[in-house]
Amino acid sequence: ELLTDLRLQMRRERETAELKISEEAFRQYNLDYFSKFIADGLYVGVIAEIDGKVAATGGICFHNHPPSYSVPNGRSACLLNMYTLPEFRGRGLAGKIVAMLVEEARKADCCQVFLNASVMGKGVYQKFGFVDVANEMVYNL
């Protein structure tokens, strides 16, 4: 439930699109996601605390795709749900969480980690070694 609460707080802060369903339904979808994919080992979440207070979070989910030249075993991971509460920003927590989650991807035999970077987070990811990829597109249903 804590992962869901943090994700909802992050979405409220960052989201520019209008929520197409009720807040309650959105919350339930998130609870269902975390329950299923954590249990299946397809999502790993991290929560950082400072002095007993929740300070930051991040997660990684694992994907299988047909093998490609850049991902020869077809295993990749998506870094997501990176969020540091405002009062804890600037302390390096995001970088530490990224390092932990990238290590989880290595342990899961992933060849690549991808993400969608917020303006605020982009520097953290670049510092870690992530690079921009210009050929991404999306189609909303």
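So here's what we get for this one:
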{"quantity": "Criterion violated by Glu136 - all others in (1) within 17 Å of Val44 (Cβ to Cβ); (2) part of a loop (DSSP other than H, G, I, E, B) satisfied", "calculated": "(1)"}
{"quantity": "Residue within the range 60-81 that is outside any loop (DSSP other than H, G, I, E, B) and over 30 Å from Asp109 (Cα atoms) present", "calculated": "no"}
{"quantity": "Top-ranked residue in the range 90-119 [being assigned to a loop (DSSP other than H, G, I, E, B) and in contact (Cβ under 8 Å) with a residue 24 or more places away in the chain; ranked as surrounded by the most Cβ atoms within 10 Å (Cβ to Cβ)]", "calculated": "Cys110"}
{"quantity": "In the range 1-42, the residues that are in contact with a strand residue (DSSP E or B) (Cβ under 8 Å, 6 or more places away or on another chain) and surrounded by 13 or more Cβ atoms within 10 Å (Cβ to Cβ)", "calculated": "Leu3, Leu6, Arg7, Gln9, Met10, Tyr33, Phe34, Phe37, Ile38, Leu42"}
{"quantity": "Options Gly59, Gly45: the member that is surrounded by 14 or more Cβ atoms within 10 Å (Cβ to Cβ), touching a Lys or Arg at 6+ places or on another chain (Cβ under 9 Å) and within 17 Å of Arg7 (Cα to Cα)", "calculated": "Gly59"}
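Here, each number is a calculation from the coordinates, and none is a lab measurement. Keep in mind that this is a model prediction, so the values were computed, not measured. Glycine gets a Cβ as well: all are built from the backbone with ideal geometry, and neighbour counts include every protein chain shown.
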